[in-house]
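Have a look at the structure below, then the notes.
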Amino acid sequence: MRTVSAYAAPSATEPLIATTIERRDVGPNDVLIDIKFAGICHSDIHTVRGEWGGQQFPLTPGHEIAGIVAEVGSNVTKHTVGDRVGVGCLVNSCGECTSCLAGLEQHCLNGNVGTYGAVDRDGTITQGGYSSHVVVNENFVLNIPEGIDLDVAAPLLCAGITTYSPLRHWGVGPGTRVAIVGLGGLGHMGVKIASALGAEVTVLSQTLNKKEDGLKLGADHYYATGDPETFTKLAGSFDFILNTVSAAIDINAYLRLLAIDGVMVNVGAPAEPLPVNAFSLIGGRRSFAGSNIGGIAETQEMLNFCAEHGFGAEIEVISADQINEAYERVLRSDVRYRFVIDTATLPAVGA
Ligand SMILES: [Zn+2]
Ligand SMILES: [Zn+2]
């Protein structure tokens with residue numbers, strides 16, 4: 001075991017504090033990563049506040065991790081000391097079920113292991129990336145290609161793959177008319193990736209406040225959903241809608257924006273059920289679907305794609321002592337577009 005510096009939530013109702021956590025010894029198939037940057041995902045806030053179920057505290061969140069390999073186990077072949085690497089939302093899975101064999105570790109039939117707050121296959125509770133170091137099985141460690149800086153790469157490990165996977169799965173490309181609902185951490189990556197895939201991209205946001213940003217990120221059009229005329233004007237005009245909003249929205253109003261055979265995919269996760277009128281689907285043979293991050297191979301494909309196209313996330317780098325303030329700003333949607341913690345600002349162990 002090694003003691004490393006971290007930020008952790010002592011309970012569901014207290015702010016995160018500087019602390020230390022234990023990391024396991026580097027096993028034969030493990031990689032020790034010197035974490036450089038960790039993104040703040042909205043899921044981190046839901047989880048540490050107990051909004052997605054009870055947790056074992058203290059808990060260190062963070063599943064958008066970028067760093068440098070510091071040590072490798074004796075059987076490791078995929079990574080060497082000094083490599084630029086990342087870890088996303090998964091750190092383990094059974095490796096044997098049909099999902100795992102198909103590269104869909106996020107759908108492991110025996111339960112995937114999340115990067116924090118999950119019971120690992122050795123029985124310990126996983127602790128995330130708001131930390132100086134992490135030990136991860138080599139199969140769940142991604143290579144970050146040269147050409148993407150580590151700070152802007154970190155958010156790709158969750159926000160990037162969450163949007164890339166459905167865009168790829170449903171074959172978005174040149175000629176596809178895509179709408180991205182919501183321009184936050186997920187939405188801004190959706191715009192960049194859909195645009196790089198060659199689609200015609202429209203942002204649907206509550207107001208026109210971020211219009212200039214949206215067009216700069218690659219959108220062709222930008223409409224305010226606060227204006228009822230938007231829904232009349234755009235009826236039947238999209239092949240694919242990616243909903244990144246975590247709040248309850250009027251799904252039927254958005255389904256009517258789909259053309260025949262259009263698909264609307266939810267990657268936002270509102271706590272409340274979303275009522276869907278069957279007629280919104282029947283008319284126009286439309287589909288309403290969901291998508292959850294992506295498998296390890298696809299996550300690597302996404303990182304390579306972003307590097308080829310020369311982009312990462314739009315970020316605001318913060319120091320560790322700004323994490324709690326950043327949480328409040330995320331909840332107010334006051335971030336363009338992802339907070340990333342510079343882990344060099346974590347207090348040293350024993351300090
Ligand atoms: Zn996330
Ligand atoms: Zn499995």
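Evaluate segment 40-55: report whether one residue or more is over 25 Å from Y164 (Cα atoms), among the charged types (D, E, K, R), more than 16 Å from ligand 2 (Cβ to nearest atom) and part of a loop (DSSP other than H, G, I, E, B). For segment 40-55, residues over 25 Å from Y164 (Cα atoms), among the charged types (D, E, K, R), more than 16 Å from ligand 2 (Cβ to nearest atom) and part of a loop (DSSP other than H, G, I, E, B): present.
Among the conditions (1) farther than 30 Å from D334 by Cα; (2) surrounded by fewer than 19 Cβ atoms within 10 Å (Cβ to Cβ); (3) touching a Lys or Arg at 6+ places or on another chain (Cβ under 8 Å); (4) in contact (Cβ under 8 Å) with a residue 40 or more places away in the chain, M1 misses just one, which is (4).
If you go through segment 168-207 and keep only what is assigned to a loop (DSSP other than H, G, I, E, B) and more than 19 Å from A253 (Cα to Cα), you end up with W170, G171, V172, G173, P174, G175, T176, G184, L197, G198, A199. Set side by side, the residues G147, G123 differ, and just one is surrounded by fewer than 24 Cβ atoms within 10 Å (Cβ to Cβ), farther than 30 Å from G350 by Cα and either of a type in the set (A, V, I, L, M) or at pLDDT below 95 (or both), which is G147. Scanning segment 96-111 for residues that are closer than 14 Å to I296 by Cα and near ligand 2 (Cβ under 6 Å from one of its atoms) returns S99, C100, C108.
The single condition among (1) under 20 Å from the mean Cα position of the chain (by Cα); (2) under 21 Å from L346 (Cα atoms); (3) in contact (Cβ under 8 Å) with a residue 60 or more places away in the chain that G103 does not satisfy is (2). When V191, V245, V172, V178 are screened for being outside the structural domain of L104 (by TED's automatic domain parsing), hydrophobic (A, V, I, L, M, F, W, C), under 28 Å from G103 (Cα atoms) and at pLDDT below 95, only V245 passes.
Residues of segment 180-233 that are within 18 Å of L156 (Cβ to Cβ), surrounded by fewer than 23 Cβ atoms within 10 Å (Cβ to Cβ) and without any contact (Cβ under 8 Å) to a residue 40 or more places away in the chain: S195, L197, G218. On the stretch given as segment 292-326, residues that are crowded, with 20+ Cβ neighbours inside 10 Å and of a type in the set (S, T, Y) total 1. The helices (runs of 4 or more DSSP H) located wholly in segment 256-351 that include 3 or more residues which are at pLDDT 95 or above and acidic (D, E) occupy 296-309. The set of residues from segment 77-107 being closer than 18 Å to I35 by Cβ, touching a helix residue (DSSP H, G or I) at 6+ places or on another chain (Cβ under 8 Å) and outside any strand (DSSP E or B) comprises H79, G88, C89.
The values are calculated or read from the model by the stated rules, or taken from the named source; none is laboratory data. Computed from a predicted model, the values in this text were never measured in an experiment. Don't worry about glycine lacking a Cβ; one is built from the backbone with ideal geometry, like all the others, and counts go over all protein chains shown.
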